[in-house]
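Trainee: First, the structure itself, so that you have it in front of you.
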Amino acid sequence: MAADVLDELKLLDRDALVERMATELPDIREKLKVSQEALAEKTGVDVAKINAAESGKCPFKWSEFMPILFVIWSNDIGKGMLDTRGLFLDTLKKALSVNRNAHAPETEVNK
C-alpha cells in the first residue's frame, strides 16, 4: 500500500464515520428492505448491537462497521446510497483496492 494512502487512513475520522453509519443505517435498511435481523445474519454483527447503535445507545466498533459497509456495498442500490451519503470514502476504497465499477458475483446473499 502506498505511503500516501496510509497517511490518508491515519487522518480518517473513524469515530465520525461510524457514528454517521449508525445514524443513516435505519434509512438505508428501510430502502434496501433489510431488517436488523437479516443484516445481523449477513454481517455477523449482533442484532442487539445494531439496534443499540441505531438508537444511539452504543456506537459501532470499527470491526462492526466494516462488514456492514461491505454487505451494503455488495448491493447496487446500497452502493449508490453509500456513495451519495459519503459513507464509503475514497480513502477506504483506495486502501482496500475496491473497484467502484466492480459488481459482486450473484449469490443468494446479495440478490
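The values are calculated or read from the model by the stated rules, or taken from the named source; none is laboratory data. Keep in mind it's a predicted model, so treat the numbers as computed, not measured. All Cβ positions, even for glycine, are placed from backbone atoms using ideal geometry, and neighbour counts span all protein chains on display.
Trainee: Within segment 60-69, which residues are surrounded by fewer than 20 Cβ atoms within 10 Å (Cβ to Cβ) and touching a helix residue (DSSP H, G or I) at 6+ places or on another chain (Cβ under 6 Å)?
Mentor: W62, P67
Trainee: Which of the residues spanning segment 70-106 are farther than 24 Å from T23 by Cβ and either modelled with pLDDT of 80 or more or touching a helix residue (DSSP H, G or I) at 6+ places or on another chain (Cβ under 7 Å) (or both)?
Mentor: At the first step, the residues of segment 70-106 found to be farther than 24 Å from T23 by Cβ are 94, 97, 99, 101-106.
Residue satisfying the conditions is K94 alone.
Trainee: Only residues in segment 46-65 that are under 10 Å from V18 (Cβ atoms) and in contact (Cβ under 8 Å) with a residue 24 or more places away in the chain count as the first member; pair them with residues that are basic (K, R) and in a helix (DSSP H, G or I), Cβ under 6 angstrom, at least 6 apart or cross-chain, and list the lot.
Mentor: Sorted first by the residue in segment 46-65, then by its partner, the pairs are W62/R14.
Trainee: Taking segment 1-10 only, how many residues are assigned to a helix (DSSP H, G or I) and either aliphatic (A, V, I, L, M) or at pLDDT 95 or above (or both)?
Mentor: 4
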